[in-house]
Each structure stands twice: as structure tokens, then as C-alpha cells.
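Following: one structure in C-alpha cells, then a few remarks.
Only the coordinates and a few stated rules stand behind these numbers; no lab work does. Given the structure is predicted, the values throughout are model-derived calculations rather than measurements. Reconstructed Cβ throughout: ideal geometry from the backbone, glycine too, with neighbour counts over all protein chains shown.
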Amino acid sequence: MKEASITGRIISVNGPIVKAEGLTEISMFDIAEVGPDRLIGEVIRLEEDLTIIQVYEDNTGLKPGDEVLSFGRPLSVLLGPGLMGNIYDGIQRPLIGIAERCENHTLIGIADTCYIRKGIKIAPLDPEKKWDFKPTVKEGDVVKEGSVIGELQETELVLHKTIVPPGIAGKVAFIVEAGGYSIEDPIYTVIQDKKIYNGKLADYWPVRKPRPFKNKKSPITPLITGQRILDTFFPIARGGTATIPGGFGTGKTMTQHALAKWCNADIIVYIGCGERGNEMTEVLNDFPRLVDERTGRPLIERTVMIGNTSNMPVPAREVSIYTGVTIAEYYRDMGYSVAVMADSTSRWAEALRELSSRLGDMPAEEGFPPYLATRLAEFYERAGLVETLSNEEGSITIIGAVSPPGGDFSEPVTQHTTRFIRCFWALDKILADARHYPSISWIESYTEYLNDIQEWWSERESEWRVLRNDAMNILLEDNRLQQIVKLVGPDALPEDQRFILFCAEIIKNAFLQQNSFDPKDMYCSPDKQIKLLKAIMCFFRKGKELLLGGLELSKLLSLDAVSEMVRLKSEIGNGEIEKIDAFIQRLEYSLNSLKEEVNIPHTPDFSKGKSANKDI
Amino acid sequence: MRSEVEYTNLSGISGPLIFVQGVKGVGYGDLVEIRNGSGEVRTGQTLEVDEEIAVVQVFEGTTGLSIKGTRATFIGKSLEIPTDREMLGRVFDGLGRPIDGAPQVISDLMMNINGLPINPYTREYPRDFIQTGISAIDGMNTLIRGQKLPIFSGSGMPHNLIAAQIARQARLLTAHEEFTVIFVAMGVKFDIARFFIDSLEESGVLPKSAIFLSLADAPSIERLITPRVALTLAEYLAFTEGMHVLVILTDMTNYCESLRELSSSRGEIPSRKGYPGYLYSDLASVYERAGRIQGKKGSITQIPILTMPSDDISHPVPDLTGYITEGQIVLERELFNKGVYPPIAGLPSLSRLMKDGIGEGRTRKDHAQVAAQLFASYAKVKRIRALAAIVGEEELSDLDKIYLRFGNVFEERFLSQGYNENRSIETTLDIGWEMLSILPEEELYRISKEDIQRYYIPQKGDV
């Protein structure tokens, strides 16, 4: 390691904020190593001779007079093969490596592997592991920034492409032959105008600086999550942004886990930011066992985790979301679609608040610093569908959970977040209390991606948009009628309105509610979603017609097919959806036999045309 | 070893803080010994330090300290306590010093009371079902070994009875292992502490328990240390001695108020209701010390008790607690007034770890579905009751009337039970089925047909 170029000394310590003097050449957001344990910190403010550093580790015991070192380099992550399946803390220290390293250390009196010791320094990527690298360029080729110079199989699921870093271009003067190389071995040399760049399999990138791309595009494909309420009612596009706000116990983490498991992105970056330790453990336990439907490989092979739990140092929580999104950009630049789950951005905002308050900043709303909105905007803007420097298509979808105090969405973090996202998945306490999961409210949630991704669905089912809007209208009408029901009871309503209430109930139980522990129901394929919705809407349309023809409502409600409909989702797997077609036929048959009872001579076609085209 | 210098130059005293001037070589977080004019010794901790001044929080409070005549000695380490098995069966004050008349604990093993964050990679996901014998908990909000499950209560409600009942009845179904209770009182009245001690004594667990008391008359800043001291002992017992430790922390609201007091005397910018912005992180540093660790036999299960000021669950203390803990047991005033014991609210209560700790081989195959159906049906009861309050019960449909009957019986038979009644999980689930059988079979949409056939009890035509 090269010698520290800048040194100074501490003059005061207040929580994780350290003030130092003598570091005259240091720049903003450079790394500083503080005190005898060389704790990692970052420069967050410069005032004349004073350097203000936030320390990412427990800093008890630091004293005025202790030394501060700096290499004059910004806080960076090491990007290279070996990230997949790994779990890091907020500043990219590998938690698995820490556990192994602590094996023979005496910590708080007992030799123990289970705690995170301060000052521990471990390379984020295994420097010894040999990767089977195949070059894709030859000596003499001209490459530019973003060009792929070779490939290696990082995991069975991920083909890792080694890319010429941004800012580098020229002629390949040297490239290794195919074979096993570690991340420290020289791999290639690029020369332009006598500037020589020696490339390796891994390289550093500063976390606070977005990686460049050619241009941004409008999203057109949905990110399929396998969750019916999301895919059908509030879809998100690849490259989109969404937020999941909800009070405690409403299922934010359950929803984030379900998305990380089932969404059809190529790469998942899961950031546990200031949340429970056991939740990270759960991901670590489940993902090696869960198998990706499309490839048959364990999900862990496409997942990178950042775990800065609530009891780990607060400043590292602030930086953890940047660490996560920088890793996501690295894989985006290889042409992958990446989904970033950040749970929870409120804890990140609170870390920002705590640090800003220790600096004595003037607070804006609820003690949060005035730059909260800017920081949120910067983070969400790192999402998007892009044309990469090597002309490939890559995307980052960001889904951030928000934990509003008291479940009140009018608080600053939720409010500012809604300005920068286009998909709002509101969690509802009442649904959660009734154990209706996912407890995403169909009244408060919204998406702005419907028009963007409509075509994708229409190719599968021409009537998709109409079905979806009609179902949504039933739910909205139900919401309106429930206000009346609260006052007069359902029996006071006319039959056609009671029928709407009944159909809304079916949509809620047979479609919206989804059991994440039921093997047939936990993931619902787009085709199964379409069929289920068709079955329900077929009942609604034909039923409405029969009611108009004079049929008694009770006869319609007592059909056997109705109670069968609620169980379709858990009895029919994704691979056997023709059974739903058979069910729809039976349903139509029994509805038609009711028709003979009321003797409707002529059938006006209700199923098409008359639906509201208004979007919700 | 550093030479310990005694400083006599105080520049100010404010609330629980003293400001010591002219310090050299003092570390952030260092322990401080403070002597007043009459030689009385107090303990403190350095909160902030620069080249001139150290800000020290005095755990015993600053009453009786003066600017002149107070001497401070900085000890170059953080607060540590001795840990030993011998501490079981003993009573300590809020700083971990014995107050039962027996001698000081002597141990080679001094542990820093702040502990260290557990590496999530080395945690073991908690899965072992603890039978508490209380239907509302076992059946619907299962407690798991290594979980942190708080009781959200209000003044006057029987949270202490419930916690004592859990401490007395809790056991693992699969094995018999070494079990201890650590009781931590923060700012509660003497009679509540007395009640717990008596209750532990009656059930014979007192000799295997450790008790930490920072009662209502103790200095409030001391309470910030008390849970950390107790959890340090818990970590030793669980992860070195391999014991299963149940830690009862009461009352976390008092703890948070002490934190607010300290924060405001430091002049920090408050967030909600005057509590500091770091209340969440601070609470997490207490609650996250629960759990299990790979390759270790023991576990720490936490039951923090907190009273919600004016029963408001959105108050910062229950709110932030709920974001950290793995669920919550909420006590409901309405049930309490009806005379239901334990008045555990059906809907807002939740156990997040329940899903992996129940089912075939752990409790019973139908457990998850029965619980889900009870929740869903009881939620419907609540809606119908709201409607009945407006239109009158007579106007309800027949089905709605059946639901109302289900709701009443559910509260009387399933939720209610005696303070000494210890129900097995089988009994709890059987009572659950009795309740569900009041409803027509078609209404049980969260339960598989197979389980309905097996457990549903058809009614004898008198409905």
C-alpha cells in the first residue's frame, strides 16, 4: 500500500464527527484514516484549516491529538468479479470476510467471530481467487471507454464483462491470453498519446459519482415482479423508480424480499439500510435455497447485498445506498437490467439528519437538513434505462422503502420521495391488520408507467388494458359504496350495487391477496395473472348482464364456481394455466344456464366497448 | 498504562452534564470518576471532547456537585462490568453494582457495556417456538427464541402480569434447556419491581435470575446505562455459557425520556416531540442485542415493555420501537375495560418471526392457516361492529349476526384466560377451531379444504 500523503491531527470528537487540522491538501469526500486504529472516515466539510470528517466506525477512545491520514482519494468501491453472492457493510467491507478474520481475535472479553470489530480492514474482493478470463479483443485493436475487452463466468447466472473504464481509450498494446487470473494480475494495456493505462479485472470507482453512459431512454418493458397487484394494477418499468411507504408492520420488508426473489431483473442489489439484523440473515438463508424459475439456479448467484443494520455505525448507513447503487451501475454498464432494493431510505435520511445536526446545520422540516430533497433526487436519478458506453442496453430500477413515523405519509421523507419517483406503492395498515398481504392499497397507490408498458401486455392479451381498468373501476366504486355501507348497511343498497361490492370482494380475495408462503401462489406469471383476471371479469360482465335481465342476485352469488374462483390462485400452478381456461368455460356454462332461467332472448355484448377508458 | 490525572477545573454544570476544562489525552467515550467535596464518588462518560473541554455526562446526576471542589479523573477506557455466572440470583443497581448486601462480583472477564454490533452474517435465523401458554400469543403472535417482541401497553393495563406470566410459563416444546430471566427495571416504581421479584420467586426461577433496578427515584441518566449493563450480562450468559436468556425491560418509555433529557441539556436539535433525531439508532443499539448466533447454543429473547402515552401507538417511542422489534403485542383499552385478560388486541399485534417457527414439526400443520383465518374473520367482526353501532344489530344480515357471535365468543374463550392458566399449543389451536366452526364453512377462505375436513366442527342446526 502506498504511503499516506497527507497527515493531520484531531482537535475534537463529537459522536462520529471528528474535526482535524493540518490536512491542507485534502479534498471534499476524500477518505481519511483516523486515530491509532485507522478508522475509515470521509471528509464532509472544509473550513479554512479545519477538516470535518465523519467516521464510519465506532470511534470511542479517539482523542484530540490523534493522527489523521489521507491518501487524497475519494471514498470508492472496488468493482470486479466476486461481488455476486457477497454481503458487504456500508463501506464495502465483506461481512463474511470479517467473520472469518475475527476467528482468532479476542473482542469484548471472549474470543468471538460474531461481532464486527472496529478498524478491521479486509479487501472487498478475494485477491487470490483465479477467474477463468477470455479476452474478446486482440493486441492492436482500438478500444474506447466502455468497450468490452473480455469475459468471465462470475456465477452460473452472471457472465461478467470486463470493461475499459470511463475516460480511457486507445490502442490495445497488451492483452493476456485466455486463462486463470486474479483481480490483481495485469490483464491489458491501452495506450493513447503516450498515456498508458494498465487494466486489471477490478477497478475502483468513487461512490458519490454516477458512472457515465451514452444516453437515457424511455422505459418500455415492465419489470415483472410476479406480484399481481403490482404487475397488473401498478406496474413498474425496467429503469423506473418506485417507493414503498408504510408504517411498521405493514410489510415493507416482506414486499422488498418478494421483489428481490421474483422480479425478472438480471441482477439484484439489496441494500438493508439501518434495518434489522435478522432480516439480512433471512435473505442470506433463503436466497441460496430459492431457485430462479427461468434458469434453475439459486437466487444468491445474481444478488449482491449491502447490510448496514440499525446497530452498525450511523455514518456508514448514509453511504450504504451510494455503495449499492454504484455496484448496480457497474453491472448496468455490462448491459444488464439491475434492480436495487433500498430498505429503508428513511433510515438513510435519519442518518443524514443526525450528522447534519452534529454539524450544527440549520434544520428544515422536522430537523431534516435542507438538502434532503436534493440528495434524494440525486439518488433516484441514478435509475434509468440507458444506452451504455458500449452501445448496449442496461437499466437500473430503484425501489426504495420509506418508513414514515406513525405511518403518516405527510412527513418530509415520503413527501420529497414522491417528487422523484413514478410508482407509489402505499402500504395500508388496515389491510395489514386483516393480514391481507401484500397490503398495498389500491386506492392510494399509483403508477405513471401504464402507457409506457401497455404494449408489452397487449401483445399477450389484446384486452389487457380494458380488463385492468374495468377491475380498477370496480375497486374504486366499491370504495365509494363502502362509505354508504358504513352508514346504512349493505342490504339497503340496490342489487346492482351489492353485486359490485361482491365482485370487489372477489377481486380482493382471489386476485389482490397473494400468499408468499404458498408455492403455487408466491410467484404468479403474467399469463396466469391475465387468466385469473379474465375469469373474474367474465363473472362480473355476464353477471351484470343477468341482473339487468332480472335475475335474483342471490342465485348469482350462490354459484359453486364463485367459491372455486377464490382458490384458483393457490390450486393452479403457473405451468397449468389451461386449467383456468377450463374453469372459465365451466363458469360461462353455469352462467348461461342461469340465463335460460331469466330467459334473456338476445345477448348484448357487454364484454367489449363499454368500459371506461379513463386511466386510473 | 496512562497516568490518571485528576482535573479540578470545571467550567460549568448543566443538567446531567459537567464541563471539565484543560483536559489532555481524554478519549471520546472514556469513563470518568467524579468526586465531590465530601468525597462521594460518581461515574460519568465523556460525550464530547476537544483540546480544551470535555463534556461529561454524570450517571448519578449532578445534584450536590459544585464548580469548585469537584474533581474528575478520566480513565482511559469505556464503562465495563464484570461478568460471571455467579451474578445469577443477585440484585444490582442501575449501574450494575450489587445492592443485595452480598459482596462485589469478582470476575476476570470485564466486558464493555456497549457491546459490539453482531455481524448479520453470523446470526442464526430464530426458528424455535416458545410456548408461553397464552393463546393470544402462541396461536396468533407466536414468540420465537431469540426474538425481540415488545408489549405496547397503556397506564393501568396488566402488562406486568402478562410479562410475569410469560417468564413463568415460557418453555421450548422440543427440549429442556438452561433458562434464565434477566429483569431490568428503568424508572418504575418499587412495587412493580417487588411484584416481579415475588413472581419469579414463586415460580422458582429467582435463583437463576439477575435483577437490575434503576427505580423511579434513581437519577434518570442512570437509566441509559441500565439496559446495556443487563444486556452485557445476557450476552455473556447466552453466547459464552450457552444459556437461553429472557430479558424483560420495563419501561422503555422512561428510558427514552432520559435520553430526551440528556439530549436537550446538550442543546441538540430535537426531532419529534422533543426526542433526539438519533432515538431510532439508540433504541436499535439496545434491541438489536437480541438474537441467536451460528454455532452458539444460547439465545437472547427480549420482551421490552413500554407504556404508550395516552394509548397513542404513533407516539415516537412505540413507533420507533415497532420499526426495530420483530413485531409487537399491543394491549387494548377496550378489551381491558370489558374485563378480558390478557387484553391483547387482535389486529395490531404481530409476530414477524412467527411464519418460520410454526407449522408441521414445530407446532401443528394447520397453525398458520388458523391464525390467518382468525385474523381475517376478526377484522370482519370489527367492521360489522362499527356498522351495528350505526344501523343497529337487528338490521344486520344473518351472516353478519353470526360474525358478531363469533367475535364475542372469540374474545371470551380464545383471548381470555386465567393468570395461572397454561394452555398447550394443541389446546390453543383446538379452541381456535371451535371458534372458527361458529362461522359457515364457506367463510373460511384462508384454510385449505383438507384442514377444514379434518378440524371443522359442523354446527348442530341451532345457528
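Going by amide H atoms built from the backbone, whose H comes under 5 Å of the H on residue B:148, apart from near neighbours?
Here B:302, B:326 satisfy the definition.
For chain A, with the dipole built from +1 on Lys and Arg beta-carbon atoms and -1 on Asp and Glu ones, taken about the Cα centre, which of A:155, A:23, A:7 lies farthest toward the positive end?
Going by the Cα projections, it comes out as A:155.
Using alpha carbon centroids, what distance separates the stretch B:329-373 and the stretch B:222-236, in Å?
For the stretch B:329-373 versus the stretch B:222-236, the Cα centre distance is 30 Å.
For residue A:294 and residue A:132, FRET efficiency with R0 = 35 Å and r from the beta-carbon atoms, rounded to 0.05? Please list the in-between numbers first.
On the way: r = 24 Å, r/R0 = 0.68.
Using R0 = 35 Å, I get an efficiency of 0.90.
When a footprinting reagent is the concern and you count Cβ atoms within 10 Å, what order do A:132, B:398 take, fewest first?
Working: A:132 12, B:398 9.
Exposure proxy ranking, most exposed first: B:398, A:132.
Bin by bin, in steps of 20 Å, what percent of the Cα pairs in the protein assembly as shown do you find, going until the bin that has the longest distance?
P(r) for the protein assembly as shown, in whole percents per bin: 12, 40, 34, 13, 1, 0.
Calculate how many DSSP beta bridges within the stretch B:81-357 are antiparallel, expressed in % of all such bridges and rounded to the nearest 5.
About 35 percent, rounded to the nearest 5.
In nm, give the distance between the simple-model label positions of residue B:203 and residue B:264, each being 7 Å from the Cα along the Cα-to-Cβ direction.
3.7
Please report how far the C-alpha centroid of the stretch B:147-162 lies from that of the stretch A:416-438, rounded to the nearest whole angstrom.
Result: 29 Å between the Cα centres.
What distance in nm separates the simple spin-label points at residue B:430 and residue A:122, each placed 7 Å from Cα in the Cβ direction?
5.1
Using only the alpha-carbon atoms, how far is helix B:425-436 inclined from the longest principal axis of chain B? Give it as 0 to 90 degrees, nearest 10.
That works out to roughly 50 degrees.
Starting from the amide H of residue B:109, placed 1.01 Å from N in the peptide plane, find each other amide H under 5 Å away whose residue is 5 or more places distant or on another chain.
For residue B:109, whose amide H was placed from the backbone, the distant partners under 5 Å are B:83.
Please tell me the relative contact order of chain B in percent, rounded to the nearest whole number, where contacts are Cα pairs under 8 Å and at least six residues apart. Kindly include the intermediate steps, with their values, before the conclusion.
Details: 921 pairs, mean separation 73.7, N = 463.
It rounds to 16 percent for chain B.
Within a 10 angstrom radius of the beta carbon, how do B:457, A:183 rank from fewest other beta carbons to most?
So the ranking, lowest neighbour count to highest, is B:457, A:183.
Mind checking the dipole of the protein assembly as shown: about its Cα centre, +1 per Lys or Arg Cβ, -1 per Asp or Glu Cβ, Debye to the nearest 20?
Values: 119 positive and 150 negative charges, 146 e Å.
With only Lys, Arg, Asp and Glu charged at Cβ, the dipole is about 700 debye.
Within the set of other residues whose C-beta is less than 15 Å from the C-beta of residue B:450, count the net charge using Lys and Arg as +1 and Asp and Glu as -1.
+1
Might you report the magnitude of the Cβ-based charge dipole of the stretch A:215-451 about its Cα centre, with Lys and Arg at +1 and Asp and Glu at -1, to the nearest 20 debye?
260
Rounded to the nearest 10 degrees, what's the angle between the helix B:190-202 long axis and the longest principal axis of chain B, both from Cα atoms, 0 to 90?
The two axes meet at around 60 degrees.
Pulled fully out, how much extra length does the chain show between residue B:6 and residue B:176, if you take 0.36 nm times their separation in residues and subtract their Cα-Cα distance?
Answer, rounded to one decimal: 55.9 nm.
Under 5 Å between amide H atoms, partner at least 5 residues away or on a different chain: which partners does residue A:77 have, H built in plane at 1.01 Å?
Correct list: A:205, A:207.
How do B:92, A:517, B:19 line up, fewest other C-beta atoms within 10 Å first? Working shown, then result.
Numbers: B:92 23, A:517 12, B:19 17.
Ranked by crowding around the Cβ, least crowded first: A:517, B:19, B:92.
Under the 0.36 nm per residue contour assumption, what length would be gained going from the current alpha-carbon distance of residue A:366 and residue A:153 to full extension?
Extra length available between residue A:366 and residue A:153 comes to 71.8 nm.
I'd like the distance between the alpha-carbon centres of the stretch A:41-90 and the stretch A:255-303, rounded to an integer number of Å.
Computed from Cα coordinates, the inter-centre distance equals 28 Å.
By how many degrees, 0 to 90 and rounded to 10, does the Cα axis of helix B:159-169 deviate from the longest principal axis of chain B?
80
With a Förster radius of 25 Å, plug the Cβ-Cβ distance of residue B:456 and residue B:314 into 1/(1 + (r/R0)^6) and report the FRET value to the nearest 0.05.
Taking R0 as 25 Å, the efficiency between residue B:456 and residue B:314 is 0.05.
Hey, rough spin-label estimate for residue B:41 and residue A:459, points 7 angstrom out along Cα→Cβ, what's it come to in nanometres?
The two pseudo-label positions are separated by 7.9 nm.
Which entries in A:508/A:531; A:531/B:380; A:171/A:194; A:520/A:579; A:130/A:161 show an alpha-carbon gap greater than 20 Å?
A:531/B:380
In the protein assembly as shown, what percentage of the DSSP-assigned beta bridges are antiparallel, given to the nearest 5?
Expressed as a percentage, antiparallel bridges in the protein assembly as shown total about 65.
Grab the other residues whose beta carbon is less than 11 angstrom from that of residue A:177, score K and R as +1, D and E as -1, and report the net.
+1
Calculate, for residue B:409 and residue A:480, the FRET efficiency according to 1/(1 + (r/R0)^6) with r their C-beta to C-beta distance and R0 51 Å; round to the nearest 0.05. Each step should come with its number before you reach the end.
Working: r = 34 Å, r/R0 = 0.66.
About 0.90, to the nearest 0.05.
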